[in-house]
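Input: a single structure, listed below in structure tokens.
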Amino acid sequence: MKPRYLVLAIACLAAFAAPKLAGAQEQRPPVSQCQAIAQTMPKVTFASFSGAPPLVPAVSEGEDVKLTFLGHSTFAIETPGGIVIATDYNGWYRPAAMPDVVTMNKAHSTHFTLAPDPGIKHVLHGWSDVPDEKANVNLVVGDAYIRNVTTDIRFSYGLGGSHENGNSIFIFEIAGLCIGHLGHLHYELTDTHYTEIGRLDVVMVPVDGGLTMGADSMSRVIKRLRSSLILPMHRRGPPVEAFVSMFGKDFDVANAPDDSITVSMRTLPKKPLIYVLKGAQ
């Protein structure tokens with residue numbers, strides 16, 4: 001082949017290959033910004049409302065995320081892109097707007113519903129209905145990346161025994177923030193759990209002191225997570241002060257004037273803050 005024809009052939013091949021390479025890069029799943037070991041991340045499912053090709057969620061540090069305590073273990077999380085997420089959704093505590101995503105756990109009926117509003121696009125169970133399998137949630141919805149880490153739970157109502165991987169800690173990666181909801185946590189976390197969770201800037205923690213874990217056990221989990229903002233929830237039994245009393249001068253404590261807080265990477269407290277929203281006080 002003559003040199004000029006060889007150059008032309010190479011150019012043609014490059015022209016055909018380039019779009020395919022670009023497309024492959026666009027479809028590449030995101031890497032968790034919160035997890036300590038990114039290589040352990042499984043494949044991610046993308047959800048698109050527009051029908052356009054799925055893209056990596058926008059990470060826009062400095063944008064605000066709003067968290068509102070609705071009751072029990074249910075928070076509404078509103079992303080900068082307008083996605084609404086409701087945690088431990090049971091159908092009783094509802095955000096003002098129809099949520100795009102709801103997460104659920106099954107330790108008690110107050111943490112899930114089997115008859116969610118059909119208008120909810122994504123219903124994420126923190127348990128698997130397949131024996132000996134873990135729930136596996138890896139989902140991108142708009143500007144939110146949602147994944148889970150499973151933990152064991154005790155059987156309810158004094159039946160004894162435990163259910164492996166019956167609870168999920170849901171992690172929401174939004175606008176550069178790592179936001180975690182501990183669900184109905186029954187046992188202290190292992191080193192493996194902490195590795196799978198990674199960094200949590202904001203954590204929603206059950207502080208009932210009995211149905212989940214005692215205040216001392218739960219406080220050890222929170223101290224190890226080293227989150228900047230701690231939002232108590234699931235207050236039943238001993239008062240929330242029993243949980244707060246487990247922390248020393250390394251943590252600030254404040255009661256909120258209302259049921260919401262708006263936070264971003266730039267406004268995270270410099271010193272860990274236990275912030276008790278109205279309704280959980």
- Query: Quick one: is Ala76 of a type in the set (A, V, I, L, M, F, W, C), over 15 Å from Gly183 (Cβ atoms) and crowded, with 16+ Cβ neighbours inside 10 Å?
  - Reply: yes
Inspect the stretch 227-237 for any residue being over 20 Å from the mean Cα position of the chain (by Cα) and of a type in the set (S, T, N, Q) and give the result as yes or no. no
Screening Gly71, Gly62, Gly23 for residues that are within 18 Å of His181 (Cα to Cα) and modelled with pLDDT under 95 leaves only Gly71
Reported set for the stretch 120-144 where residues are in contact with a Pro (Cβ under 9 Å, 6 or more places away or on another chain) and either of a type in the set (Lys, Arg) or open to solvent by 60 Å² or more (accessible area, probe 1.4 Å) (or both) is Lys121, Asn136
If we ask which residues in the stretch 79-104 are in contact (Cβ under 8 Å) with a residue 40 or more places away in the chain, out of contact with any Ser or Thr (no Cβ under 6 Å at 6 or more places or on another chain), buried (at least 17 other Cβ atoms within 10 Å of the Cβ) and in a loop (DSSP other than H, G, I, E, B), their number turns out to be 4
Note on the stretch 78-127: residues out of contact with any His (no Cβ under 7 Å at 6 or more places or on another chain) and of a type in the set (Phe, Trp, Tyr) are Tyr89, Trp92, Phe112, Trp127
* To do: Determine whether the stretch 145-156 contains at least one residue that is buried (at least 16 other Cβ atoms within 10 Å of the Cβ) and assigned to a loop (DSSP other than H, G, I, E, B).
  => no
Listed by range, strands (runs of 3 or more DSSP E) wholly within the stretch 169-281 having at least 3 residues that are in contact (Cβ under 8 Å) with a residue 24 or more places away in the chain, open to solvent by less than 60 Å² (accessible area, probe 1.4 Å) and not basic (Lys, Arg) are 177-181, 202-206, 229-233, 260-263, 273-276
message: One residue is enough: does the stretch 156-171 have a residue meeting the conditions at pLDDT 95 or above and either in contact with a Cys (Cβ under 8 Å, 6 or more places away or on another chain) or of a type in the set (Gly, Ala, Ser) (or both)?
response: yes
Residue count, the stretch 105-117, condition hydrophobic (A, V, I, L, M, F, W, C) and crowded, with 24+ Cβ neighbours inside 10 Å, comes to 1
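The values are calculated or read from the model by the stated rules, or taken from the named source; none is laboratory data. This structure is a prediction, so every number in the text was calculated from the model and none was measured. Cβ coordinates were reconstructed from backbone atoms using ideal geometry, including for glycine residues, and neighbour counts include every protein chain displayed. We work out accessible area using only protein heavy atoms, side chains counted, and drop any ligands, DNA or RNA first. Shrake-Rupley method; radii C 1.70, N 1.55, O 1.52, S 1.80 Å.
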